[in-house]
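Okay, structure first, notes after.
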Amino acid sequence: MILNEEQKYQIAKDAVIHWDIEVKDLSLLPIHTENEVFKLEDVNGNFFALRIHRFGYHDLEELESEHIWTSYLKKSGLNVPEFINTKREKPYKKIFIKNSEDFRYVGIVKWIRGETLEDSILKDRSESNISNIFERLGELIAQFHITSIDWDPPKGFKRHSWDEEGLMGHDPTWGRFWEIKYASNKQRSQLLDIQNRLYKKLKNLTKGNYYSMTHADMNWGNVLIEGQKLSVIDFDDCCFGWHAADLANSIWNTDPQFASIHEISKQALLKGYKSLRNNSDQVIKDLDLFYLVRCLQILKWVEDREKEIGDIEPIIDSILRPAINRAIEMEIIKS
(Lines give C-alpha, C1' and ligand atoms only; values in the text may rest on other atoms or scores of the structure.)
Protein backbone atom coordinates (compact mmCIF):
# COMPACT_ATOMS: atom_id res chain seq x y z
CA MET A 1 0.00 0.00 0.00
CA ILE A 2 1.44 3.36 -1.09
CA LEU A 3 0.67 6.08 1.42
CA ASN A 4 -0.81 9.40 0.34
CA GLU A 5 0.17 12.61 2.10
CA GLU A 6 -2.91 12.64 4.32
CA GLN A 7 -2.12 9.12 5.56
CA LYS A 8 1.52 10.02 6.19
CA TYR A 9 0.52 12.94 8.39
CA GLN A 10 -2.12 10.83 10.15
CA ILE A 11 0.48 8.21 11.05
CA ALA A 12 3.01 10.81 12.19
CA LYS A 13 0.50 12.68 14.37
CA ASP A 14 -0.89 9.47 15.89
CA ALA A 15 2.65 8.30 16.61
CA VAL A 16 4.21 11.37 18.19
CA ILE A 17 1.78 11.38 21.14
CA HIS A 18 3.53 8.22 22.35
CA TRP A 19 6.76 10.19 22.89
CA ASP A 20 7.42 12.71 25.63
CA ILE A 21 7.73 15.49 23.06
CA GLU A 22 5.59 18.65 22.94
CA VAL A 23 5.36 19.35 19.22
CA LYS A 24 5.65 22.85 17.75
CA ASP A 25 5.98 21.88 14.10
CA LEU A 26 5.83 18.69 12.05
CA SER A 27 6.72 18.79 8.36
CA LEU A 28 7.16 16.05 5.75
CA LEU A 29 10.53 16.27 4.02
CA PRO A 30 10.49 16.29 0.19
CA ILE A 31 13.36 13.84 -0.13
CA HIS A 32 13.64 10.49 -1.92
CA THR A 33 14.14 7.82 0.70
CA GLU A 34 12.76 4.37 1.44
CA ASN A 35 11.09 5.67 4.57
CA GLU A 36 8.86 8.70 5.00
CA VAL A 37 10.75 11.28 7.05
CA PHE A 38 9.31 14.21 8.99
CA LYS A 39 11.28 17.03 10.58
CA LEU A 40 9.88 17.59 14.06
CA GLU A 41 10.47 20.68 16.22
CA ASP A 42 9.47 20.78 19.87
CA VAL A 43 8.47 23.85 21.89
CA ASN A 44 12.03 24.18 23.21
CA GLY A 45 13.54 24.49 19.74
CA ASN A 46 14.94 20.96 19.60
CA PHE A 47 14.74 19.09 16.30
CA PHE A 48 14.10 15.42 15.58
CA ALA A 49 13.58 13.14 12.60
CA LEU A 50 10.41 11.04 12.70
CA ARG A 51 10.63 8.06 10.38
CA ILE A 52 7.71 6.01 9.08
CA HIS A 53 9.32 2.74 8.05
CA ARG A 54 8.33 1.14 4.76
CA PHE A 55 6.14 -1.88 5.06
CA GLY A 56 7.56 -5.37 4.59
CA TYR A 57 11.30 -4.69 4.53
CA HIS A 58 12.00 -5.22 8.23
CA ASP A 59 9.98 -6.71 11.05
CA LEU A 60 10.05 -5.29 14.57
CA GLU A 61 12.93 -7.51 15.71
CA GLU A 62 15.06 -6.28 12.81
CA LEU A 63 14.22 -2.65 13.50
CA GLU A 64 15.02 -3.05 17.19
CA SER A 65 18.32 -4.66 16.21
CA GLU A 66 19.15 -1.57 14.13
CA HIS A 67 18.54 0.45 17.29
CA ILE A 68 20.84 -1.84 19.30
CA TRP A 69 23.71 -1.52 16.83
CA THR A 70 23.45 2.23 16.25
CA SER A 71 23.25 2.78 20.03
CA TYR A 72 26.50 0.83 20.36
CA LEU A 73 28.12 2.94 17.62
CA LYS A 74 26.91 6.13 19.30
CA LYS A 75 28.35 5.07 22.65
CA SER A 76 31.61 4.27 20.87
CA GLY A 77 31.91 7.89 19.74
CA LEU A 78 30.66 7.69 16.15
CA ASN A 79 28.39 10.37 14.72
CA VAL A 80 25.18 8.43 14.08
CA PRO A 81 21.49 9.01 14.88
CA GLU A 82 20.52 8.87 18.55
CA PHE A 83 17.20 7.17 19.22
CA ILE A 84 14.54 8.72 21.44
CA ASN A 85 12.46 6.08 23.20
CA THR A 86 8.70 6.26 23.65
CA LYS A 87 7.10 6.97 27.00
CA ARG A 88 7.19 3.19 27.52
CA GLU A 89 10.93 3.08 26.76
CA LYS A 90 10.53 1.45 23.35
CA PRO A 91 12.38 2.62 20.21
CA TYR A 92 9.40 2.04 17.88
CA LYS A 93 5.63 2.35 17.92
CA LYS A 94 3.21 0.41 15.73
CA ILE A 95 0.64 2.78 14.18
CA PHE A 96 -2.38 1.70 12.18
CA ILE A 97 -3.54 3.55 9.08
CA LYS A 98 -7.00 5.05 9.61
CA ASN A 99 -9.85 2.81 8.40
CA SER A 100 -7.39 0.04 7.53
CA GLU A 101 -5.74 -3.03 8.99
CA ASP A 102 -2.42 -1.89 7.53
CA PHE A 103 0.17 -0.42 9.85
CA ARG A 104 3.64 1.11 9.93
CA TYR A 105 6.40 1.20 12.53
CA VAL A 106 7.49 4.68 13.58
CA GLY A 107 10.71 5.76 15.28
CA ILE A 108 12.21 9.10 16.31
CA VAL A 109 15.88 10.12 16.41
CA LYS A 110 17.62 13.38 17.25
CA TRP A 111 18.13 15.61 14.23
CA ILE A 112 21.68 15.69 12.84
CA ARG A 113 22.71 18.96 11.24
CA GLY A 114 24.74 19.25 8.07
CA GLU A 115 24.56 19.21 4.30
CA THR A 116 24.78 16.01 2.30
CA LEU A 117 28.07 14.94 0.80
CA GLU A 118 26.52 15.34 -2.65
CA ASP A 119 25.46 18.94 -1.97
CA SER A 120 28.94 19.71 -0.69
CA ILE A 121 30.51 18.38 -3.88
CA LEU A 122 28.04 20.26 -6.09
CA LYS A 123 29.05 23.49 -4.34
CA ASP A 124 32.78 22.88 -4.70
CA ARG A 125 34.16 20.33 -7.17
CA SER A 126 37.76 21.33 -6.66
CA GLU A 127 40.22 18.47 -6.27
CA SER A 128 41.23 19.73 -2.83
CA ASN A 129 37.64 19.70 -1.52
CA ILE A 130 36.86 16.28 -2.97
CA SER A 131 40.09 14.80 -1.63
CA ASN A 132 39.46 16.29 1.81
CA ILE A 133 35.91 14.98 2.02
CA PHE A 134 36.67 11.45 0.87
CA GLU A 135 39.81 11.10 2.94
CA ARG A 136 37.76 11.93 6.03
CA LEU A 137 35.03 9.57 4.86
CA GLY A 138 37.62 6.80 4.53
CA GLU A 139 38.70 7.45 8.11
CA LEU A 140 35.08 7.35 9.28
CA ILE A 141 34.38 4.05 7.53
CA ALA A 142 37.53 2.59 9.06
CA GLN A 143 36.26 3.64 12.50
CA PHE A 144 32.94 1.92 11.78
CA HIS A 145 34.71 -1.30 10.85
CA ILE A 146 37.22 -1.28 13.69
CA THR A 147 34.40 -0.66 16.16
CA SER A 148 32.20 -3.42 14.71
CA ILE A 149 34.82 -6.18 14.42
CA ASP A 150 34.96 -6.73 18.18
CA TRP A 151 31.23 -6.32 18.76
CA ASP A 152 29.26 -9.39 19.76
CA PRO A 153 25.56 -9.15 18.82
CA PRO A 154 23.31 -9.88 21.79
CA LYS A 155 20.95 -12.84 21.86
CA GLY A 156 17.97 -12.25 19.60
CA PHE A 157 19.78 -9.77 17.36
CA LYS A 158 18.31 -10.03 13.87
CA ARG A 159 19.52 -8.39 10.65
CA HIS A 160 19.87 -9.71 7.14
CA SER A 161 23.23 -10.77 5.69
CA TRP A 162 24.77 -9.57 2.46
CA ASP A 163 26.89 -12.66 2.10
CA GLU A 164 27.03 -14.79 -1.07
CA GLU A 165 23.35 -15.72 -0.63
CA GLY A 166 22.10 -12.23 0.18
CA LEU A 167 23.99 -10.67 -2.74
CA MET A 168 24.26 -13.35 -5.42
CA GLY A 169 22.13 -16.28 -4.28
CA HIS A 170 19.01 -17.68 -5.94
CA ASP A 171 16.84 -15.02 -4.28
CA PRO A 172 19.06 -12.09 -3.25
CA THR A 173 17.78 -9.49 -0.78
CA TRP A 174 17.21 -6.85 -3.46
CA GLY A 175 15.90 -9.26 -6.07
CA ARG A 176 16.90 -11.27 -9.15
CA PHE A 177 18.70 -8.63 -11.19
CA TRP A 178 19.41 -11.07 -14.02
CA GLU A 179 15.68 -11.09 -14.83
CA ILE A 180 15.13 -7.34 -15.33
CA LYS A 181 12.78 -6.55 -18.19
CA TYR A 182 14.73 -3.62 -19.66
CA ALA A 183 17.54 -5.84 -20.92
CA SER A 184 18.06 -7.87 -24.08
CA ASN A 185 18.06 -11.66 -24.02
CA LYS A 186 21.83 -11.56 -24.48
CA GLN A 187 22.25 -9.15 -21.57
CA ARG A 188 20.07 -11.27 -19.29
CA SER A 189 22.15 -14.31 -20.23
CA GLN A 190 25.32 -12.37 -19.41
CA LEU A 191 23.86 -11.22 -16.09
CA LEU A 192 22.97 -14.79 -15.14
CA ASP A 193 26.50 -15.87 -15.98
CA ILE A 194 27.91 -13.04 -13.86
CA GLN A 195 25.60 -13.94 -10.98
CA ASN A 196 26.72 -17.58 -10.99
CA ARG A 197 30.39 -16.72 -11.14
CA LEU A 198 30.17 -14.01 -8.49
CA TYR A 199 28.29 -16.38 -6.18
CA LYS A 200 31.22 -18.82 -6.33
CA LYS A 201 33.73 -16.01 -5.87
CA LEU A 202 31.93 -14.62 -2.82
CA LYS A 203 31.47 -18.08 -1.33
CA ASN A 204 35.25 -18.44 -1.27
CA LEU A 205 35.95 -14.88 -0.13
CA THR A 206 37.62 -14.43 3.24
CA LYS A 207 35.40 -13.11 6.04
CA GLY A 208 37.17 -13.08 9.42
CA ASN A 209 38.03 -9.49 10.36
CA TYR A 210 36.81 -8.26 6.98
CA TYR A 211 33.15 -9.06 7.64
CA SER A 212 30.85 -7.72 10.37
CA MET A 213 27.84 -5.46 10.82
CA THR A 214 28.06 -2.72 8.20
CA HIS A 215 26.06 0.35 7.24
CA ALA A 216 25.71 -1.05 3.69
CA ASP A 217 24.38 2.16 2.12
CA MET A 218 26.86 4.99 2.70
CA ASN A 219 25.76 6.80 -0.44
CA TRP A 220 26.26 10.52 -0.91
CA GLY A 221 22.86 11.35 0.55
CA ASN A 222 23.50 9.42 3.76
CA VAL A 223 26.69 11.24 4.74
CA LEU A 224 26.22 14.68 6.33
CA ILE A 225 28.95 17.30 6.59
CA GLU A 226 29.08 20.13 9.10
CA GLY A 227 32.48 21.84 9.04
CA GLN A 228 35.03 19.10 9.63
CA LYS A 229 32.45 16.78 11.18
CA LEU A 230 31.04 13.85 9.18
CA SER A 231 27.92 12.00 10.30
CA VAL A 232 26.15 8.98 8.84
CA ILE A 233 22.37 8.59 8.72
CA ASP A 234 19.78 6.09 7.41
CA PHE A 235 20.70 2.65 8.71
CA ASP A 236 17.72 1.00 7.02
CA ASP A 237 19.98 -1.39 5.08
CA CYS A 238 22.54 -2.07 7.83
CA CYS A 239 23.43 -5.74 7.83
CA PHE A 240 26.20 -8.28 8.16
CA GLY A 241 28.53 -7.87 5.20
CA TRP A 242 32.03 -7.47 3.84
CA HIS A 243 33.83 -4.23 4.72
CA ALA A 244 34.88 -3.71 1.10
CA ALA A 245 31.22 -3.23 0.21
CA ASP A 246 30.97 -0.17 2.47
CA LEU A 247 33.93 1.39 0.67
CA ALA A 248 32.54 0.55 -2.78
CA ASN A 249 29.08 1.89 -1.97
CA SER A 250 30.53 5.19 -0.73
CA ILE A 251 32.03 6.01 -4.14
CA TRP A 252 29.34 4.35 -6.28
CA ASN A 253 27.73 6.90 -8.58
CA THR A 254 26.70 6.60 -12.24
CA ASP A 255 25.78 10.25 -12.77
CA PRO A 256 27.93 11.41 -15.73
CA GLN A 257 28.55 14.80 -14.08
CA PHE A 258 30.58 13.04 -11.38
CA ALA A 259 32.58 10.72 -13.65
CA SER A 260 35.63 12.99 -13.60
CA ILE A 261 35.98 12.82 -9.81
CA HIS A 262 35.68 9.04 -9.44
CA GLU A 263 39.40 8.26 -9.30
CA ILE A 264 40.18 11.25 -7.08
CA SER A 265 37.49 10.27 -4.58
CA LYS A 266 38.55 6.61 -4.65
CA GLN A 267 42.21 7.31 -3.93
CA ALA A 268 41.38 9.80 -1.17
CA LEU A 269 38.93 7.32 0.39
CA LEU A 270 41.57 4.58 0.45
CA LYS A 271 44.18 6.95 1.88
CA GLY A 272 41.90 7.83 4.78
CA TYR A 273 40.87 4.22 5.35
CA LYS A 274 44.44 2.89 5.40
CA SER A 275 45.54 5.64 7.79
CA LEU A 276 43.41 4.12 10.56
CA ARG A 277 42.90 0.49 9.57
CA ASN A 278 45.83 -1.88 9.87
CA ASN A 279 45.90 -4.97 7.67
CA SER A 280 43.48 -3.39 5.21
CA ASP A 281 45.01 -4.86 2.04
CA GLN A 282 42.29 -7.50 1.63
CA VAL A 283 39.52 -4.93 2.02
CA ILE A 284 41.07 -2.63 -0.56
CA LYS A 285 41.75 -5.51 -2.93
CA ASP A 286 38.03 -6.42 -2.94
CA LEU A 287 36.72 -2.88 -3.51
CA ASP A 288 36.39 -3.20 -7.30
CA LEU A 289 34.58 -6.52 -6.91
CA PHE A 290 31.97 -4.96 -4.65
CA TYR A 291 31.65 -1.92 -6.90
CA LEU A 292 30.43 -4.34 -9.55
CA VAL A 293 28.14 -6.05 -7.03
CA ARG A 294 26.59 -2.67 -6.23
CA CYS A 295 25.91 -2.00 -9.91
CA LEU A 296 24.09 -5.31 -10.18
CA GLN A 297 22.07 -4.78 -7.00
CA ILE A 298 20.88 -1.37 -8.15
CA LEU A 299 19.49 -2.76 -11.41
CA LYS A 300 16.68 -4.59 -9.63
CA TRP A 301 16.31 -1.83 -7.02
CA VAL A 302 15.54 0.67 -9.80
CA GLU A 303 13.16 -1.68 -11.60
CA ASP A 304 11.15 -2.26 -8.42
CA ARG A 305 10.60 1.50 -8.14
CA GLU A 306 9.39 2.18 -11.66
CA LYS A 307 6.07 3.61 -10.43
CA GLU A 308 7.82 6.15 -8.22
CA ILE A 309 10.68 7.02 -10.59
CA GLY A 310 8.89 6.99 -13.95
CA ASP A 311 10.95 6.30 -17.09
CA ILE A 312 13.62 3.94 -15.78
CA GLU A 313 14.80 2.47 -19.08
CA PRO A 314 17.61 5.04 -19.62
CA ILE A 315 18.65 4.65 -15.97
CA ILE A 316 18.84 0.87 -16.31
CA ASP A 317 20.83 1.21 -19.54
CA SER A 318 23.32 3.63 -17.94
CA ILE A 319 24.05 1.04 -15.23
CA LEU A 320 23.64 -2.21 -17.16
CA ARG A 321 26.07 -1.65 -20.04
CA PRO A 322 28.97 -0.43 -17.86
CA ALA A 323 28.33 -3.26 -15.38
CA ILE A 324 28.64 -5.93 -18.07
CA ASN A 325 31.72 -4.22 -19.51
CA ARG A 326 33.24 -4.07 -16.04
CA ALA A 327 32.60 -7.80 -15.55
CA ILE A 328 34.34 -8.50 -18.84
CA GLU A 329 37.31 -6.28 -17.95
CA MET A 330 37.61 -8.07 -14.59
CA GLU A 331 37.57 -11.39 -16.50
CA ILE A 332 34.53 -12.61 -14.62
CA ILE A 333 32.86 -13.44 -17.94
CA LYS A 334 34.02 -13.45 -21.54
CA SER A 335 32.79 -10.94 -24.10
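The values are calculated or read from the model by the stated rules, or taken from the named source; none is laboratory data. What you are looking at is a predicted structure, and each value in this text was computed from that prediction instead of being measured. Glycine gets a Cβ as well: all are built from the backbone with ideal geometry, and neighbour counts include every protein chain shown.
How many residues does the range 308-335 hold that are closer than 15 Å to Tyr182 by Cβ and either in a loop (DSSP other than H, G, I, E, B) or under 21 Å from the mean Cα position of the chain (by Cα) (or both)?
Residues that pass the stated criteria total 10.
Taking the conditions exactly as written (closer than 16 Å to Ile233 by Cβ, touching a helix residue (DSSP H, G or I) at 6+ places or on another chain (Cβ under 9 Å) and not aliphatic (A, V, I, L, M)), does Ser120 satisfy them or not?
Yes, satisfied.
Any idea which of Lys94, Lys123, Lys98 is surrounded by fewer than 19 Cβ atoms within 10 Å (Cβ to Cβ), more than 17 Å from Lys13 (Cα to Cα) and among the charged types (D, E, K, R)?
Lys123
Can you pull out the residues in the range 3-30 that are surrounded by fewer than 16 Cβ atoms within 10 Å (Cβ to Cβ) and without any contact (Cβ under 8 Å) to a residue 24 or more places away in the chain?
If the condition is that a residue be surrounded by fewer than 16 Cβ atoms within 10 Å (Cβ to Cβ) and without any contact (Cβ under 8 Å) to a residue 24 or more places away in the chain, then Asn4, Glu5, Glu6, Lys13, Ile17, Glu22, Lys24, Asp25, Ser27, Leu28, Leu29, Pro30 are the ones that fit.
In the range 300-314, what count of residues is obtained for those that are within 14 Å of Trp252 (Cβ to Cβ) and in contact (Cβ under 8 Å) with a residue 60 or more places away in the chain?
1
Which one of the conditions (1) over 16 Å from Thr33 (Cα atoms); (2) surrounded by fewer than 20 Cβ atoms within 10 Å (Cβ to Cβ); (3) in contact (Cβ under 8 Å) with a residue 60 or more places away in the chain does Glu118 fail to meet, given that it meets all the rest?
The number of the failed condition is (1).
Does Phe38 satisfy the criteria of being under 13 Å from Val109 (Cβ atoms), buried (at least 16 other Cβ atoms within 10 Å of the Cβ) and touching a strand residue (DSSP E or B) at 6+ places or on another chain (Cβ under 7 Å)?
yes
Can you spot a residue in the range 310-317 that is within 21 Å of Gly169 (Cβ to Cβ), of a type outside the set (Asp, Glu) and touching a helix residue (DSSP H, G or I) at 6+ places or on another chain (Cβ under 8 Å)? Step through it out loud before you land on a result.
In the first step, residues of the range 310-317 are kept if they are within 21 Å of Gly169 (Cβ to Cβ); the result is none.
No; the residues of the range 310-317 include none that is within 21 Å of Gly169 (Cβ to Cβ), of a type outside the set (Asp, Glu) and touching a helix residue (DSSP H, G or I) at 6+ places or on another chain (Cβ under 8 Å).
With respect to Ala259, determine if the residue is hydrophobic (A, V, I, L, M, F, W, C) and loosely packed, with under 15 Cβ neighbours inside 10 Å.
Considered against the rule, which asks whether it is hydrophobic (A, V, I, L, M, F, W, C) and loosely packed, with under 15 Cβ neighbours inside 10 Å, Ala259 comes out as yes.
In the range 23-54, what residues are acidic (Asp, Glu) and touching an Asp or Glu at 6+ places or on another chain (Cβ under 7 Å)?
At the first step, the residues of the range 23-54 found to be acidic (Asp, Glu) are 25, 34, 36, 41-42.
If the condition is that a residue be acidic (Asp, Glu) and touching an Asp or Glu at 6+ places or on another chain (Cβ under 7 Å), then Asp25, Glu34, Glu41, Asp42 are the ones that fit.
Which ones in the range 93-120 are among the β-branched types (Val, Ile, Thr) and either in a loop (DSSP other than H, G, I, E, B) or at pLDDT below 95 (or both)? Before the answer, list the steps.
In the first step, residues of the range 93-120 are kept if they are among the β-branched types (Val, Ile, Thr); the result is 95, 97, 106, 108-109, 112, 116.
The answer is Ile97, Ile112.
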